[in-house]
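The values are calculated or read from the model by the stated rules, or taken from the named source; none is laboratory data. If you're wondering where the values come from, they're calculated on a predicted model, not measured in any experiment. Glycine gets a Cβ as well: all are built from the backbone with ideal geometry, and neighbour counts include every protein chain shown. Only protein heavy atoms, including side chains, enter the accessible area calculation; ligands, DNA and RNA are left aside. Shrake-Rupley method; radii C 1.70, N 1.55, O 1.52, S 1.80 Å.
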Amino acid sequence: KELNLFWFVHCVVPKRNKRVCSGHCWSVCLSVAGCYINKMYYLMPDDSTNCFVYIFTFLNRQDLLKWNGWGYSDSKFIFNKKGQAEFTGKRYRLSGMVLPALREWFEKTFGASLEHKTPPRSALNTSDIPAPILNEDFLDDLKATKIPFSHEIEDRIFRAHGHCLHEIFALREGKFERVPDMVVWPNSHSEVEKIVNLACKHNVCVIPFGGGTSVSSALECPPDEKRSIVSLDTSQMNRILWIDEKNLTAHVEAGIIGQDLERLLNVSGYCTGHEPDSMEFSTLGGWVATRASGMKKNIYGNIEDLVVHIRMVTPRGVIEKSCQGPRMSTGPDVHHFIMGSEGTLGVVTEVTIKIRPVPEYQKYEVAKQRCAPASIRLMDNAQFQFGHALKPQVASIFTSFLDGLKKFYITKFKGFDPNQLCVATLLFEGDREKVLQHEKQVYDIAAKFGGLAAGEDNGQRGYMLTFVIAYLRDLGMDFYVIGESFETSVPWDRVLDLCRNVKERIVRECKERGVQFPPLSTCRVTQTYDAGACVYFYFAFNYRGIADPIHVYEQIESAAREEILANGGSLSHHHGVGKLRKRWLQEAISDVGIGMLKSVKQYVDPNNIFGNRNLL
Amino acid sequence: MASENAYSPQDPTLKKRDDFEDVLEERRNSSDVKYAFRCYTPVLYNGIPPCKASLLKHTVLKSDHVLFVIQQLSKESGESPEIIHEEAVEILDEMAQNLKLSVVRFFAFMLSKAFKTLFQRVRVNEEGIQRLQQAIQQYPVVLLPSHRSYIDFLMLSYVLYTYDLSLPVIAAGMDFLGMKIVGEMLRMSGAFFIRRSFGGDKLYWALFSEYVKTMLRKGYAPIEFFLEGTRSRTCKSLVPKLGLLNIVMEPFFKGEVFDVSLVPISISYERILEESLYAYELLGVPKPKESTSGLLKARKILSDDFGSIHVYFGHPVSLRSLAQGKISRSYCNLVPRHIPVKPPKDIFTFVNDIGYKMVRLQQENMVISPWVLVASILIQSLPQIDINHLTEQTVWLRNLAQSFGAFVDWPDHISVSKVVASSISLHHSIVKNTGGRVTLIEEKQDSSNLEHQLFKYAATVLMCASYRNQILHIFVRPALVAISVHSVGSSRKEEIFSYFSFLRDIFSHEFIFAPGHTVQDFEEGCYLLMKADAIQILKTDILLSERGHKIVSFFLAMFQPFLEGYQVICRYLSEEALEGVTENQYVSAVRKFAVKLLLSGAVKSCEVLSSDLQKNALAALLKLNICRKTKEMEQVVVKVNRTAVNSVEDTLGRKLTPLKTALARL
């Protein structure tokens, strides 16, 4: 119900936003949405006339989301009074549950202790935030357009970062050198055009902001940017403009958040099938700008396969194709200048995306062999153990007895060593018959290689972990443990070598840099392709005794990236380059490649209005 | 590539080295049978047990790399893949090791017996063993011993067995297989056999490299091979051969292993079993083919005393740390890993540098026996030297060598004269002390054949030289600086450097100089001389000090045989080989030319007769483009640039300073 409420706020209210509110509307909204609407914005401060125009604070995600960590404010891991781990809130399957094994795993894996705490500061230190550089002429012109904006500190800070470790760490106990000077909330493609025109006219730097889930330092403001930096928040452009059931496409505004898009399409019986791990928060425009990948890409495809048409506002004008043809041979595909441009060329405003009927049947499975269902993930042993640590407390003695029996069967009877076991989670999707047929195929393969089906329950938990795992980092950070995930793609024949070498490199680098406890260094295959796989690494360590943990962390991560590249892995499968990985881009795409990108940038944005300095 | 990292002077005497333990001591006090049958449970890499020889062969034959090459050859030659496959099976059968613990135990027993009679002590640094044991558990290990004798690898396996370490598989030359039963037994104790030359044979190369790489990747056992490629007949280190080194590094370049540990091992002999054999070989008496009966004849040496052996396991060197920041491995990323790729130039340079680095690490831990010092003095003072003078000089040299960082094994609590006397008596095959006069042994010569007499004498000189050679790596850098200071006749630093760099180029195959390290070598030499108070280094000048004269003249005498020898070769080339000389005839022609000069008394040093020196000189001249090879009627002919050769000869004879090259690098 809570989710529905959220949906209501997001999807119903926005359509009426920016209007002068009548008292009636106010009260309705307040009673329905309760605490979510607790702040107001004035659009046109005009003291002389005393006329204020209010809009609602759903503009402001920070009221619903943590300002210094991942996800919803109400959902987090804590250690309760009994010292047991618990996941708060009501949003997830795991919410409200006690996780008895987590504490031991946490202490054993990291050498961490509940006594050694590193709590974040409780509120932002506003004096740390640099004063905004404002371009008065731009501001005057912007006011005339009546597009809402703000230069409040909370708004600016919230859009100054993504979710890299160093960014979250800076929120918890550090500071940012440069943050956006103001935030604007355009409501439509034409408003974006107006903003970009004004930005060009007044030489203002624009950084598009979607869901803020970047993990490539893409949202960081260049510290030496002297111009006023405007964060262009696309969150108000969140409507589905039309659905074409004949061609199975939907035309959607780019600011829509993944889960909203999916939910709204579901109402009409459709889905996109694009489910990146961040889909609760990330936006369609963000997916396009970073070449995102969803976990069910085996059936639905990655973003580049899903997109039919893109509209983007650039300093040169609007770029879009003239028709919605499913494929064309019209020279190099200009969509590929846009996908992966990471906000350096313009703002994606509207996208036509393929849709599919909602699948009749879904089934989550765990097996020990690979095949090609909708999604497949293969975890190493460390992750298997980690997943185990997140098993909730069971309700009855009977279930606990059953669990014991299962464990006995697997370890003693079947002879699996819990210290060597690895797990694949599979997701089948389609009509019932096909799913069951597929499933049988997979089990046959599994049986051939001594694998074992672990049941749908385990499978579902595996996928649920995808969404809660990001919350876990915040818990770690309360107890001297920092970590991050990073990814790559690599040809099949090198997957094993790459995984082993990168994990080993991480362990070795930690040792050399004085990390006192062995790190968690683990990986899993999260996507499969005909010619290779996407590999995800999780890396975390206990930083007690280290003076500058973030610096050490970054050195190790970049060593790991070097190792990935040396072993034939790519610079990124779907996280993007941003600023975090741009020093390797030249090596990755050659001098000529860089030259091509530069000349595109030079033509499209000669004055570097979109000056987030990603990629190049 | 390395010239950017400047030489940072470090007092060589501060080098820390481990202590030794005698492994024979326990053998003398307990049963050899029990020892041979004791429980042998070595620690393993990743816990992987050694692989069955047949399984290994199968893996290699079924590897993508070998299958690919077979396909390719089949396409090229039109031969069916099955036939090529058969051929591959044969090659592999000829090559593969077949480690059998029972044979190892047999060897353990036999070698215990043999070593106890042959040697006084076999001393091993146990800390090195511990380091090795740790390395074995972490990453695949490559053992790189020095190679001065047949028994090197027997000795090494014996030591490893004694300390309960994994037995290595050893790359051995095919000639060992000639020794019927013994060859097969070596195979069963872990040797695998490679042909000496197989340059163009793609199938052989594929099988061989895949065989080595498979063992390394799977980590079945440490791999052992000799960087120098062959036994050094002169007891100087040989320039590294890179074939096998390339192969063992490839799995790292391709990311198939995380790291590889390279372990330099220095095996020093107080007296070398093959000493006279080597001398005759160098003089051109053909080497007796390795045969079982030959080995049996060698039994007569069993009654002789060969002193001590020192086996020093150096610090394992991580290939990964060596490669860090020096090379990019991404060249392997664009081609499937089973298809052979020619590595780019920087990889080649890197492997070459590592080769030299490893040889230098071997040299660093070579133990220098008192006899080496005695021989160094003696060979400068032929035909005879007074025993007291010899002793005095030996002590002087010992102190100098130690201050230059030499690892001298000088017994404590024994008087100097006793040490010298016992050295002389141990080497009774070379030297004798008659009434206080020390001379080389000379067999009674009835024949009036002067040439024959000369060769007999030269053999003894070469034997003696082979011991002096063991200390040259300590002195070569300061000595070449000292010779340069002396020869240039000017104190200008840049002129001295320029002459030094000329000598270094000319002797690039004679001594181990890491490529590209000219400046560092020069600075190291200067630093050591300065430390010995031999020179003063000013801003632009280098001045010889009072004390320096003795050192300089000692070094001049020490390296005179090489300076003189190279001049003789230049003379030969410019006087007799103007039309070119075939590669096959070169050695005998030079020898004939040198004999003439020696007999006439124009040349003093017999060492010019050493084929090793002759070949090294030619290799250096070829490298400097002073000679070049051409192919004429199926024969390789060496063509000579006469002016250039003459200039080298003159420069060596100090009549002309060489062109001022490489000044900018100072």
(request) Using a 1.4 angstrom probe, figure out how much accessible area the range B:359-463 has per residue, in square angstrom, rounded to the nearest whole. (result) 45
(message) I'd like the accessible area for residue B:623, computed on protein heavy atoms only with a 1.4 Å probe and all protein chains in place. Round to 10 Å², please.
(response) 130
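So how strong a dipole does the range A:224-371 carry about its Cα centre when Lys and Arg Cβ are +1 and Asp and Glu Cβ are -1, to the nearest 20 debye? List each step's numbers first, then the result.
Details: 17 positive and 19 negative charges, 71 e Å.
It comes to approximately 340 debye.
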(request) Would you tally the net charge around residue A:256, using a Cβ to Cβ cut-off of less than 12 Å, leaving residue A:256 out, and scoring K and R as +1, D and E as -1? (result) -2
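For the range B:548-597, give the magnitude of the charge dipole about the Cα centre (Cβ charges: +1 Lys/Arg, -1 Asp/Glu; no others), in debye to the nearest 20.
Details: 5 positive and 5 negative charges, 57 e Å.
Once rounded to the nearest 20, the dipole reads 280 debye.
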(request) Would you be so kind as to list the residues of the range A:485-510 that have their accessible area lowered by at least 10 Å² in the full protein complex compared with their chain by itself (1.4 Å probe)? (result) A:493, A:494, A:497, A:500, A:501, A:504, A:505, A:508
(request) Any chance you could give the angle, 0 to 90 degrees and rounded to 10, that helix B:642-652 forms with the longest Cα principal axis of chain B? (result) 70
(request) Give the cross-link partners of residue A:406 among the lysines, using a straight C-alpha distance below 18 Å as the criterion and excluding same-chain residues fewer than 8 apart. (result) A:368, A:391, A:414
(message) Can you list the residues in the range A:559-606 whose accessible area drops by at least 30 Å² when all protein chains are present, compared with the chain alone? Use a 1.4 Å probe, heavy atoms only.
(response) A:563, A:566
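If you place +1 on the Cβ of every Lys and Arg, -1 on the Cβ of every Asp and Glu, and leave all else neutral, what size is the dipole of the protein assembly as shown about its Cα centre, to the nearest 20 Debye?
On the way: 150 positive and 141 negative charges, 252 e Å.
It works out to roughly 1200 debye.
Which net charge results when you count Lys and Arg as +1 and Asp and Glu as -1 among the other residues whose beta-carbon is under 9 Å from that of residue A:480?
Working: positive: A:117, A:544; negative: A:478.
Local charge sum for residue A:480: +1.
Output the Kirkwood hydrodynamic radius of chain B, Cα pairs only, in Å rounded to one decimal.
Details: mean 1/r = 0.0376 Å⁻¹.
Over chain B, the inverse of the mean reciprocal pair distance is 26.6 Å.
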(request) Would you please give the FRET efficiency between residue B:321 and residue B:450, computed as 1/(1 + (r/R0)^6) with r the Cβ-Cβ distance and R0 = 60 Å, to the nearest 0.05? (result) 0.55
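At R0 = 51 Å, how high is the FRET efficiency between residue B:52 and residue A:433 if r is their beta carbon distance? Nearest 0.05 is fine.
0.60
Using only protein heavy atoms and a 1.4 angstrom probe, determine the accessible area buried between B and A, summed over both sides, in Å² to the nearest 100.
Numbers: alone 28970 and 27080 Å², together 54750 Å².
Summed over both sides, the interface buries about 1300 Å².
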(message) Tell me the net charge near residue A:129. Cut-off is 13 Å between Cβ atoms, residue A:129 excluded, with +1 for each Lys or Arg and -1 for each Asp or Glu.
(response) -2
(message) Are there any residues in the range B:305-354 with a reduction of at least 40 Å² in accessible surface when going from the isolated chain to the assembly of protein chains? Probe 1.4 Å, please list them by number.
(response) B:320, B:329, B:333, B:337
(request) Kindly report, to the nearest 10 Å², the accessible surface of residue B:412 as traced by a 1.4 Å probe over protein heavy atoms only. (result) 110
(message) Give the aspartates and glutamates reachable from residue B:34 as a straight Cα distance under 13 Å; neighbours fewer than 8 places away on the same chain don't count.
(response) B:26
(message) Can you compute the modelled spin-label distance between residue A:226 and residue B:174, with each label point 7 Å from Cα toward Cβ, in nm?
(response) 7.4
(message) List the lysines whose Cα sits under 17 Å from the Cα of residue A:246, skipping any in the same chain fewer than 8 residues away.
(response) A:354
(message) Using alpha carbons only, how many angstrom separate the centre of the range A:321-366 from the centre of the range A:425-467?
(response) 29
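Starting from the Cα-Cα distance between residue A:266 and residue A:555, subtract it from 0.36 nm times their residue separation and give me the gain in nm to one decimal. Mind dumping the intermediate values first?
On the way: separation 289, 0.36 × 289 = 104.04 nm, distance 4.42 nm.
Gain in length upon complete extension: 99.6 nm.
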(request) With an 8 Å cut-off on Cα pairs and a minimum separation of 6 or more residues, tell me the relative contact order of the range A:276-319 in percent. (result) 25
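With respect to the cross-link table entries B:456/B:596; B:604/B:639; B:254/B:345, which display a Cα-Cα separation exceeding 20 Å?
Details: B:456/B:596 16 Å; B:604/B:639 28 Å; B:254/B:345 16 Å.
The answer is B:604/B:639.
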(message) As a test of reading the structure, rank A:485, A:216 by solvent-accessible area (1.4 Å probe, protein chains only), most first.
(response) A:485, A:216
(message) Given the DSSP H assignment, sum -39500 (n - 2.57) over each helix run of at least 4 residues in chain A and divide by its residue total; what's the result at 222 nm in deg cm²/dmol, nearest 500?
(response) -10500 deg cm²/dmol
(request) Pop the C-beta distance of residue A:95 and residue A:241 into the FRET formula with R0 = 25 Å and round what comes out to the nearest 0.05. (result) 0.15
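Per residue, how much accessible surface does the range A:406-511 expose to a 1.4 Å probe? Answer in Å², no decimals.
On the way: 5000 Å² over 106 residues.
On a per-residue basis, the range A:406-511 sits at 47 Å².
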(request) Just name one of B:107, B:85, B:8: the one whose Cα is farthest towards the positive end of the charge dipole of the range B:6-110 (beta-carbon charges, Lys/Arg +1, Asp/Glu -1). (result) B:107
(message) For chain B, take the longest principal axis of its alpha carbons; what is the angle in degrees between that and the long axis of helix B:548-576, to the nearest 10 within 0 to 90?
(response) 70
(request) Kindly express, to the nearest 10 degrees and within the range 0 to 90, the angle between helix B:518-531's C-alpha long axis and the longest C-alpha principal axis of chain B. (result) 50
(request) Can you send over the solvent-accessible area of residue B:192, 1.4 Å probe, protein chains only, in Å² to the nearest 10? (result) 0
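Given the pairs B:432/B:615; A:81/A:117; B:326/B:629; B:116/B:236, which span a C-alpha to C-alpha distance of over 25 angstrom in this model? Display every interim value, and only then the final one.
Values: B:432/B:615 32 Å; A:81/A:117 15 Å; B:326/B:629 33 Å; B:116/B:236 27 Å.
Distance filter (> 25 Å) returns B:432/B:615; B:326/B:629; B:116/B:236.
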(message) Set the bar at 25 Å for Cα to Cα. Now go through B:202/B:342; A:143/A:201; B:75/B:241 and name every pair that lies beyond it.
(response) B:75/B:241
(request) Sort A:190, A:113 by accessible area with a 1.4 Å probe, largest first. (result) A:190, A:113
(request) Using just the helices of chain B, give the 222 nm mean residue ellipticity in deg cm²/dmol: DSSP H runs with n ≥ 4 each add -39,500 (n - 2.57), and the total is spread over all residues, rounded to 500. (result) -17000 deg cm²/dmol
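Report relative contact order for chain B in percent, whole number only (criteria: Cα-Cα under 8 Å, sequence separation at least 6). Intermediate values should be presented prior to the final figure.
Values: 1023 pairs, mean separation 94.4, N = 666.
In percent, rounded to a whole number, it is 14.
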(request) Over the protein assembly as shown, with every protein chain in place, what whole percent of the accessible area is carbon and sulfur at 1.4 Å, could you tell me? (result) 54
